[in-house]
Each structure stands twice: as C-alpha cells, then as structure tokens.
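For reference, the structure discussed in these notes is given below.
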Amino acid sequence: MLKLEMPSVETKRLLLRKIQESDASDMFEYASDLKTIEWLTFPRHESVEDSLKVIQDFFLKRVENGIPSGYCLVLKENNKMIGTCDFAQILRFDSAEIGYVLNRQYWNQGYMSEACLKLIEMSFDYVGLRRLEILHSVHNIASQRVIEKCGFVYEGLKRKYAPNSKGEYYDHKCYSLLKEEYKRGEN
C-alpha cells in the first residue's frame, strides 16, 4: 500500500514540505506569470484568491483523492515558496506521473533538479512506487534538461497530448524512471 502523507524533507538549499494556504501569495507570483506557465496545462491565476482556491481544492485534497501530498519548494535562506514538485496523478500498477513548476525568478539555478531528485528518492524509498513518468511539451527545453539531469529515460512522443495554458494542444515527450534503475544509481 502506498504512503500518501509525505513528510517534510530538506535538500542543500530547499525545504520540501506540503503546501499551505499561507503560500497563496507566493503561488500567485508565478501562477500569474504567463512566461512561467506558458507550457503548463493550468490557466493563469488572475488573483491571490485563485491561487488560494487551487491550494484548497487541489493540493490540500490530494491525499483524500488517493494522490501523495507532494511538495512545495521553500528557500531555506528566506522561507519563500518558489514552486511545486509533486505527483500529477497516480497511475496503475504502483506508478505515478510527476510534474513541477518554478517561479521564473529562480530558473537556471538548479533548484528544480535538486527538488526532483529528492522527490524521486521519496517516491521509491518512502511512498513505495515502482515507476515514475514525466512529460513535457516539446517546446519546453528547460524542462527537458531537468528531466534528463534526473536520469529519466525517453520513451516516446505523445502527439497533441495536452494543452498549454492558452488551451492549444502540443506534442509531449514522455520519460520514465524505474525503481531498479534508481537503486542501481543509474539516475
């Protein structure tokens, strides 16, 4: 049986913890930025109240919906929440799809790779998953770099798989990582 309540953990620069209602302003900062969410599947947040509603209706209900609670990324240096790295969905046979978003002010500094590597560790060693999947729009090259840095293996292309924040459908590259690969240190 999978463990769904994720404990808080730390990396070198980040505290990874369950998102809280008090994170709504920080979430709004990146979820309202069209450049940040350009290749993501959720619509732009128009207000802090939109972000709060997403936290309440989506993130805080994950466990009751059978999805591990996942993580928000909090900078240790100033306690600012700068993004999320979590489970988009639980798939069949002890598998999960993961997803992430990072405030654009913190791009290209290694934060998301740092967070994803810890989420991978917790996915296999704590939650009890056997396989992880991750997808990205073919246009989101920065996301591809994170995925490859974390050791995922390219599986193929899903044509016109999901819409971006504007509702336009794009092809997505699909990757996976198996527990035995992770355990052998192949990631």
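Observations
- A simple count of charges around E38, restricted to other residues whose Cβ falls under 12 Å of its Cβ and scoring Lys, Arg +1 and Asp, Glu -1, yields +2.
- Using distinct alpha-carbon pairs, which all enter the 1/r mean, Kirkwood radius of segment 1-102 in Å: 14.1 Å
- Peptides 61-72, 154-165, 108-119 ranked from most to least packed give 108-119, 61-72, 154-165, packing being the mean of other C-beta atoms within 10 angstrom over each peptide's residues.
- Net charge dipole size for segment 9-183 [Lys, Arg +1 and Asp, Glu -1 on Cβ; Debye, nearest 20]: 380 debye
- 10 Å beta-carbon shell around H172, net charge (K/R +1, D/E -1): +3
- All other residues whose Cβ lies under 11 angstrom from that of L2 are scored, Lys and Arg at +1 and Asp and Glu at -1, for a net of 0.
- In the chain, helical runs assigned H by DSSP with n ≥ 4 each contribute -39500 (n - 2.57); averaged across all residues and rounded to the nearest 500, the mean residue ellipticity at 222 nm is -6000 deg cm²/dmol.
- Amide H contacts of S32 (H built 1.01 Å from N, under 5 Å, at least 5 apart or other chain): H45
- Options F152, V54, A24, ranked by Cα towards positive dipole end of the chain, top entry (Cβ charges): F152
- Relative contact order %, the chain, counting alpha carbon pairs below 8 Å whose residues are six or more apart: 21 percent
- Kirkwood hydrodynamic radius computed over segment 9-183 comes to 16.3 Å, based on all pairs of distinct alpha carbons.
- Model label zone, V63; criterion: amide N under 12 Å from point 7 Å along Cα-to-beta-carbon; scope segment 1-31: 3-8, 18-19
Here, each number is a calculation from the coordinates, and none is a lab measurement. In this text, all values refer to a predicted model and were calculated from it rather than measured experimentally. Because the Cβ atoms are built from the backbone with ideal geometry, glycine has one as well, and the counts that use them run over all protein chains shown.
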